[in-house]
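Written out below as structure tokens is the structure these notes cover.
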Amino acid sequence: MRNDKKGEPLIELKGISKAFGNNIILDNIDLTIYKGEALVIIGPSGTGKSTILRIIAGLLPPDMGEIYIKGQKRTSLIEDREDPIAISMVFQQAALFDSLSVEENVGFSLYQHSNLSRSEIRELVAAKLEMVGLKNTGNNYPSELSGGMRKRVSFARAVISNPKDNKSKPEVILYDEPTAGLDPIASTVIEDLVRQLQCADEGCGTYVMVSHQESTIRRTADRVIFLYDGNIQWEGSIEEIDTTDNPLVRQFFSASIEGPIRVIDPI
């Protein structure tokens, strides 16, 4: 794949392979993520896009290959050892704790892993909720919120950090289908928020996203990679989506059932 980015890479995947049983999901993948970029991974369902995110996050081990975080080789899952930079993940279904309030969900990591007082955490949570447009919702519960609001709560949780510990501030956010299941207007709100958080001083300047939605891909990506059959089949900019002659990309964005992408018949 081409490498026209400059500077030190934040994350490098080298020869990453992953299989579940006899199903090979990733086959010798190489991928580099640079500081400040907005990378979106696309491709048909079931091709390993979310698997890549979980491997980057340190939630899932690869079967083969090496992972480097800011030049340092990762040797275990994130629960066993900290990376040199903080990496946050926004899950597809928001993954909020239903029994906890919004304030408790957003501040969960600080309550569990910091020495901050409850009042300090509440102040930090309030600031993050206001940042994502959810001022005065801390006492609500997830069941009282719309799907788009729950997504925004998960964004606030992903970017919150301990101001007394610079290492806790995420340098990379991983988004797994952040607009899945949302109507077009709610999707636009989330897409705008992703970009706002990238540019905000208190946000996160680098992100990797998995998405199927064309509007989300076009509005949030600087670089796009197309994953299919366990490999990166194409890489390019948003502008190149409309000019490439790659048959996989052409079929994906035209939604045609004719082409090299195998069509799975509905049950």
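The values are calculated or read from the model by the stated rules, or taken from the named source; none is laboratory data. No experiment lies behind these values; they were computed from the predicted model shown. Cβ placement follows ideal geometry from the backbone for every residue including glycine, while neighbour counts extend to all protein chains displayed.
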Discussion item. For region 184-206, which positions are within 22 Å of Ser161 (Cα to Cα), modelled with pLDDT of 85 or more and exposed (fewer than 14 other Cβ atoms within 10 Å of the Cβ)?
Written reply: Asp192
Worksheet item: Restricted to region 79-90, and to residues that are out of contact with any Ser or Thr (no Cβ under 7 Å at 6 or more places or on another chain) and surrounded by 16 or more Cβ atoms within 10 Å (Cβ to Cβ), which residue is farthest from Thr206 (Cα to Cα)?
Response: Asp83
Worksheet item: Within region 231-243, is even one residue free of Cβ contacts under 8 Å to residues at least 60 places away in the same chain, assigned to a loop (DSSP other than H, G, I, E, B) and surrounded by 18 or more Cβ atoms within 10 Å (Cβ to Cβ)?
Response: no
Worksheet item: Of (1) without any contact (Cβ under 8 Å) to a residue 60 or more places away in the chain; (2) small (Gly, Ala, Ser); (3) touching a Cys at 6+ places or on another chain (Cβ under 9 Å), Gly65 satisfies all except one. Which?
Response: (3)
Worksheet entry | Checking Ser215 against (1) out of contact with any helix residue (DSSP H, G or I) (no Cβ under 7 Å at 6 or more places or on another chain); (2) more than 26 Å from Ile25 (Cβ to Cβ); (3) hydroxyl-bearing (Ser, Thr, Tyr), the condition it does not meet | (1)
Worksheet entry | Those residues of region 244-266 which are outside any loop (DSSP other than H, G, I, E, B) and under 26 Å from Leu174 (Cβ atoms), in sequence order | Leu248, Val249, Phe252, Phe253
Discussion item. If I ask for residues that are under 23 Å from Ala19 (Cβ atoms) and of a type in the set (A, V, I, L, M), which ones from region 209-262 would you list?
Written reply: Val210, Ile225, Leu227, Ile232, Leu248, Ile261
Worksheet item: Could you say whether any residue in region 101-110 is under 21 Å from the mean Cα position of the chain (by Cα), closer than 15 Å to Lys164 by Cβ and not in a helix (DSSP H, G or I)?
Response: yes
Fill in: Hits in region 96-142 - residues which are buried (at least 17 other Cβ atoms within 10 Å of the Cβ) and among the acidic types (Asp, Glu)
Glu103, Glu104
